[in-house]
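Everything below concerns the one structure shown next.
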Amino acid sequence: MQDRWLDWAIRLQAIAQGGLFYSKDKYDLERFQQIRDLAAEIISEHTDLEMDKVRDLFCCEKGYQTPKVDVRAVIVENDRILMVKEQIDGKWSLPGGWAEVDLSLGENVMKEVKEEAGLDVAVQRLLAVLDARKRNSESAPYGIYKIMVECRRISGSFIANIETSECGFFALDELPELSTGRITREQIEMCFRASRDEKFIPFFD
């Protein structure tokens, strides 16, 4: 039931955001704002997000609502995958984060690996475009497209930073505790399959 409430709230928020952008009638604008406020209250009630955080996520956006884009770098060497330990929850994920609007996909991936793992990489191929709300166990109050890109390490070494506290390479049978809102074992297994198959066909939902 919680997931259904969250789905309904997200749909209401999208309707309200579109209405606020396209409507001209002041009474309609007032009604759409009320719908948006109610959606934010529902999302706050059914997630661990504080109301102020929900407002920051939703109430500053304008226009037709679209999914957020999360980029993740896949770097496999000697059948071991590079992972970083997130400062925010002390768990592990692939290097990555929200895409920035002024960078290409490849530039975003390279930036995230440099910031979180201290490495310079070459982007090689697209592996997957996933709908995170279908693929990750933790519900998010917005749509997310998770784009996974295979990279090759060029140089560099880990540098302490505000986002990650460690990085390392792990075999599939020795994975650390995962930050499941960011990555799942199923997704990592797909990364290993792709790394072993030069003809791997990119997967998308």
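Filter region 155-200 down to residues that are assigned to a loop (DSSP other than H, G, I, E, B) and touching a Leu at 6+ places or on another chain (Cβ under 9 Å) and give me whichever is farthest from residue 68 (Cα to Cα). Ranking the qualifying residues of region 155-200, first place goes to 157. A count restricted to region 81-115 and to residues that are touching a strand residue (DSSP E or B) at 6+ places or on another chain (Cβ under 6 Å), among the aliphatic types (A, V, I, L, M) and at pLDDT below 95 stands at 1. Of all the residues in region 116-134, those that are among the charged types (D, E, K, R), surrounded by fewer than 18 Cβ atoms within 10 Å (Cβ to Cβ) and touching a strand residue (DSSP E or B) at 6+ places or on another chain (Cβ under 9 Å) number 3. Comparison of 144, 154, 162 shows that the only residue that is closer than 30 Å to residue 6 by Cα and either touching a residue at least 40 places away in the same chain (Cβ under 8 Å) or not charged (D, E, K, R) (or both) is 144.
The values are calculated or read from the model by the stated rules, or taken from the named source; none is laboratory data. Worth saying up front: this structure is predicted, and the values here are computed from it rather than measured. Positions of Cβ are backbone-derived with ideal geometry, glycine not excepted, and every protein chain shown enters the neighbour counts.
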